[in-house]
Amino acid sequence: MDAYHTGAITMKCYICAKKARTTDAVAICIVCGMGTCMEHTIRRDVDIWEGGYPFPAQKIGKKMPRMLCQECNAAFRE
Ligand SMILES: [Zn+2]
Ligand SMILES: [Zn+2]
């Protein structure tokens, strides 16, 4: 009996949940870790952070897409 490791738990969009909607998350914000649905996911091409969460510490030296929630995208403006 190990209900915590069945892999059957589906993450829901946090932003939708706050609006009393239930939408499956399609991405996870790389900053705060909340699940977001297609509608609420913002994709940005940003520099790799050396040793940055959630990647292990290593130099990659290129841009790659990252998924952000709306709140973190707003905080991410350069
Ligand atoms: Zn949503
Ligand atoms: Zn976020």
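The values are calculated or read from the model by the stated rules, or taken from the named source; none is laboratory data. A quick note: this is a predicted structure, and the numbers were derived from the prediction, not measured. Using ideal geometry, Cβ is built from the backbone for each residue, glycine included, and neighbour counts are taken over all protein chains shown.
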**Request:** Considering (1) modelled with pLDDT of 85 or more; (2) in contact with a Lys or Arg (Cβ under 9 Å, 6 or more places away or on another chain); (3) away from ligand 2 (no atom under 12 Å from the Cβ), say which one Met67 fails and leave the rest.
**Result:** (3)
**Request:** Write out, first by first residue and then by second, each pair whose Cβ atoms fall under 8 Å of each other, whose residues are 6+ apart or on separate chains, and whose first residue, in segment 9-31, is aromatic (Phe, Trp, Tyr) while the second is in a loop (DSSP other than H, G, I, E, B).
**Result:** Tyr14/Ala25; Tyr14/Met34; Tyr14/Cys69
**Fill in**
Flagged in segment 1-17 as loosely packed, with under 13 Cβ neighbours inside 10 Å and either modelled with pLDDT of 95 or more or hydrophobic (A, V, I, L, M, F, W, C) (or both), in numbering order, are Met1, Ala3, Ala8, Ile9
**Message:** So, in segment 19-64, how many residues would count as being at pLDDT 85 or above and either on the phi > 0 side of the Ramachandran plot or among the charged types (D, E, K, R) (or both)?
**Reply:** 7
